[in-house]
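Throughout, read-outs are computed from the coordinates displayed, never taken from laboratory work. In this text, all values refer to a predicted model and were calculated from it rather than measured experimentally. Cβ placement follows ideal geometry from the backbone for every residue including glycine, while neighbour counts extend to all protein chains displayed.
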Amino acid sequence: MKIAHIICTFPPYKGGMGNSAFHFARITSELGHDVTVFSPDYLNLEYSDSEKFKIVRLKPFFKYGNAAVLPQLTWKLSAFDIVHFHYPFYGADLFVLLAKIFNRKIKLITHYHMDNVAPGIKGLIFHIGRNILFPLIAKNSVFLTCASVDYVEHSKIAMIYQRDKTKWRTVPFGVDIDKFNGDKDTEKDQLSKTILFVAALDKAHYFKGLENLINATKNLIEDAQIINSNITVKLDIVGGGNMLEYYKDIAQQLGISANINFAGRVEDEQLVEHYKDCDVFTLPSINQGEAFGMVLLEAMASGKPVIASNLPGVRSVFTDKAEGLLVEPDDISDLTEKLKRILLDDGLANKMGEAGRNLAKKEYAWSVISKKLDNVYQEVSN
């Protein structure tokens with residue numbers, strides 16, 4: 001089958017939506033389908049890869065943030081059997097809808113990634129897209145896919161889900177089990193405990209909760225139990241963006257710069273090492289801008305205990321107290337206590353890490369996700 005993926009951002013741009021679309025395109029092409037990815041060219045990024053799918057960068061008529069008006073989609077999608085539209089993608093949604101209306105033979109699948117919420121003009125754009133265009137897109141889609149039904153049930157499009165649950169299919173994101181292989185660092189200093197955080201450090205990803213994590217790290221450094229255990233707490237932050245200096249200033253003001261490593265953007269091979277070297281991975285997101293958390297899969301595959309916010313979608317990735325711990329969103333005290341529990345108990349950390357590795361292999365290996373995605377395509381085709 002000829003399959004098109006439509007996505008607002010795509011590698012080498014760093015972001016969860018683009019990374020997930022990349023892997024969807026990769027595993028789809030490995031199944032033998034003819035796959036093309038359409039994404040904006042507004043960042044003037046060059047990307048070459050050995051993957052078998054095509055990447056078409058379209059010049060936007062107009063752009064604002066990650067939104068891009070792409071009228072070319074109206075006619076460029078007519079040659080495809082299946083169009084897999086990754087939503088939200090403001091500016092492209094209208095033309096994907098028009099392509100479907102003008103060519104009823106196109107079988108449209110829409111993957112709902114997350115709610116977008118913002119003040120001002122951006123918020124107005126989000127509202128119009130979600131409440132006017134998305135219902136029409138959903139109506140014209142053969143199926144709607146999502147990483148977590150739990151997230152959709154509590155999202156801003158919950159009414160659309162409730163209206164027709166039979167149209168929805170769950171296709172979680174996956175992880176490379178071989179790359180993130182769970183190997184232990186046998187030479188690691190047991191009295192030096194590292195908390196790992198991985199995300200883009202820009203305004204669009206402020207919801208990841210890094211500021212709270214930096215404050216929780218200060219609490220841990222000054223905690224009597226931590227001090228009496230002779231443990232040195234370090235925070236390893238992987239990612240770059242326009243708020244990097246902001247976070248560095250916070251660390252400096254709190255007097256803990258020496259305990260924080262701002263690693264910046266790293267290549268995949270280096271990222272594997274950061275997971276390998278950490279003692280616990282943390283995703284302390286503060287709101288439903290976080291819908292799943294692919295980094296949780298990478299951490300679990302690496303055999304590390306995870307801590308994440310008790311948010312719809314995120315809480316469905318693992319089981320609380322089994323592979324890791326859930327914390328209340330935007331609660332620095334709870335985050336501090338949960339981190340301390342794992343950092344002070346090596347037996348618990350190892351048990352959770354092993355359970356996470358097993359869960360990643362069973363539920364999130366790309367070979368497992370590949371079968372689920374192909375089942376959806378075959379169902380659409382039939």
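Here are the numbers for the structure shown:
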item	result
Length gained when the stretch D345-W75 is fully extended (0.36 nm per residue, less Cα-Cα span)	91.3 nm
Alpha-carbon centroids, the range 312-349 and the range 82-120: separation in whole Å	35 Å
Estimated dipole of the chain in Debye, rounded to 20 [Cβ of Lys and Arg +1, of Asp and Glu -1, Cα centre]	1780 debye
Counted charge near A68, where neighbours are those whose Cβ lies closer than 15 Å (Asp, Glu -1; Lys, Arg +1)	+3
Cα gyration tensor, the chain - rounded (a/c under 1.5), prolate or oblate	prolate
For the range 141-220 versus the range 232-267, the gap between their alpha-carbon centres in whole angstrom	20 Å
Principal axes of the range 88-193: Cα extent on each, largest first, Å	61, 37, 25
Cα→Cβ-extended label distance, 7 Å offset, between A258 and N242, nm	3.5 nm
Where labels lie 7 Å past Cα in the beta-carbon direction, separation of K2 and N287 in nm	4.2 nm
Size of charge dipole - the range 192-364 - debye, nearest 20, with Cβ of Lys, Arg +1 and Asp, Glu -1, no other charges	260 debye
Net lengthening on full extension, K139/E211 (0.36 nm per residue, minus Cα-Cα)	21.9 nm
Pairwise FRET efficiency - Q225 versus K54, Cβ, R0 = 41 Å, nearest 0.05	0.15
Length gained when the stretch D277-I132 is fully extended (0.36 nm per residue, less Cα-Cα span)	47.5 nm
